[in-house]
1. Can you list residues from other chains, or at least 5 along the same chain, whose modelled amide H is less than 5 Å from the amide H of A:Leu29?
2. Out of B:Leu219, B:Leu179, B:Pro106, whose Cα points farthest toward the positive end of the dipole of chain B (charges: +1 Lys, Arg; -1 Asp, Glu; placed on Cβ)?
3. In whole Å, what are the Cα extents of segment A:3-55 along the three principal axes, biggest one first?
4. Largest first, how would B:Arg234, B:Arg105 line up by accessible area (1.4 Å probe)?
5. Just the Cα atoms of segment B:193-244: what Rg and Dmax do they give in Å?
6. Would you list, by chain and number, the lysines whose Cα falls below 16 Å from the Cα of B:Lys176, excluding same-chain residues fewer than 8 positions away?
7. Across 5 Å bins from 0, what is the distribution of all Cα-Cα pair distances for segment B:63-132, in whole percents?
8. Using only protein heavy atoms and a 1.4 Å probe, how much accessible area in total is buried between A and B, to the nearest 100 Å²?
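The values are calculated or read from the model by the stated rules, or taken from the named source; none is laboratory data. What you see is a predicted model; the values in this text were computed from it and never measured. In this analysis, Cβ positions are derived from the backbone assuming ideal geometry, glycine residues included, and neighbour counts consider all displayed protein chains. For accessibility, only protein heavy atoms count, side chains too; no ligands or nucleic acids. Shrake-Rupley method; radii C 1.70, N 1.55, O 1.52, S 1.80 Å.
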Amino acid sequence: MAKKLISVSEIEPGMVLTEPVKNRNGQILLNTGIFLEEKHKILLKTWGIGKLSVKSDGDENSSSAVGFPEEKMLALKNRLNWQPRNYQENELIELALIYIESEKV
Amino acid sequence: MNIIDKILNSINNLPTLTTIYTQLSEAIDDEYASNQRISQLISSDQASSFKILKVANSPLFGIQRKIESINQALLFLGHAEVKNILSTLSIVKQFNTRGDSHGLRPVDLWAHSIGVGIISRNLALISGQKKVDNYFLAGVLHDIGKLIFLEFVPKEYMFAVEFAENENIPIKDAEKEILKIDHTQVGQLLAEKWKMPQYIQDVIQYHHSAQTPKGSSHLLSTVHISNIMARIMRLGFSGDNLVPQPNMMVWDEVEIEKGDLISLQEKIVNDFKNAVHTLLVD
């Protein structure tokens, strides 16, 4: 998977972390696969983190997650309100969308 | 008497698992016991052997030819698997699976548990696990605490279910609020009483976090994912309609390739319908 190193101020919502962010003691603060959000800018700054590794564009075949369209996520919102962090969770959400209309089996 | 005492008393008063189960467990754990001895033991209980054969022939186990005797079941499925089928049957038998207590049907809770068992086994197979005997049983038993609530304090449990729905919170939190004890704690008490193996106890106690104090395991992580998938696929009813996000660490434990979760769904639904029918309806 293609990665690139960016600084905290370059974070754009939806970027995917490709290496864990750790503090000085090696403790993991944010894990690989996490979708970055606006709030992470402040968090990472307060943690004193300078650079982080994210998935770079043009990497369509990667196994990372893709964001789901707002309107679809909205339909699930009462039951499921989290964003996928990897392809497995992507598929869980796809399944949830398939079964959203169905009755209890 | 307060609710917790009532539940504890009820668990204390539960019978031990049926004699045939205990005898069989001993026979299977005794490596010198022959297939013949084991099959004699099971066959002496006609109702049990009939059911075991039905379950053994269900698509879940994927045996191509028809299994017609306990001896064949032992041969094709192995001792551990037959023992687990019998455990499942003995435990289901201890509970009331019929009727409707205050609007919540035990059969729906059971169906959720069976769904988790089915998915667990399928995920174990697809993630390349060689020994898959324990996954179905572990999945079926993960929520046994909820069945105890429904059996012994149905009215109060219904309050908890309603509370979860109104507040849009997980049933586990609602149980804590209304009953002051949750299904993982109650389940653990029963697991101890029935001397269930440690891996089952871990699943009952830690399936929400997928972490025991000693770490995780492939089995525990699999049941954690399966519980979420059963909720997503609406197999039965688990007490609330929420779908939590998995613990990120389970994806390191259980290797699932791209496309596997989607392509499994048809088999899961099929296995599920069949198992519910065999275990609950007949």
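1. When sequence neighbours closer than 5 places are left aside, the close amide H contacts are A:Val21, A:Lys22, A:Asn23.
2. B:Pro106
3. 27, 19, 15
4. B:Arg105, B:Arg234
5. Taking only Cα atoms of segment B:193-244, I get Rg and Dmax of 12.0, 33 Å.
6. Leaving aside lysines fewer than 8 places away in the same chain, those within reach of B:Lys176 are B:Lys6, B:Lys146, B:Lys155.
7. Here the calculated profile for segment B:63-132 is 3, 13, 16, 20, 19, 15, 8, 5, 1.
8. When A and B are taken together, about 2600 Å² of accessible area is lost.
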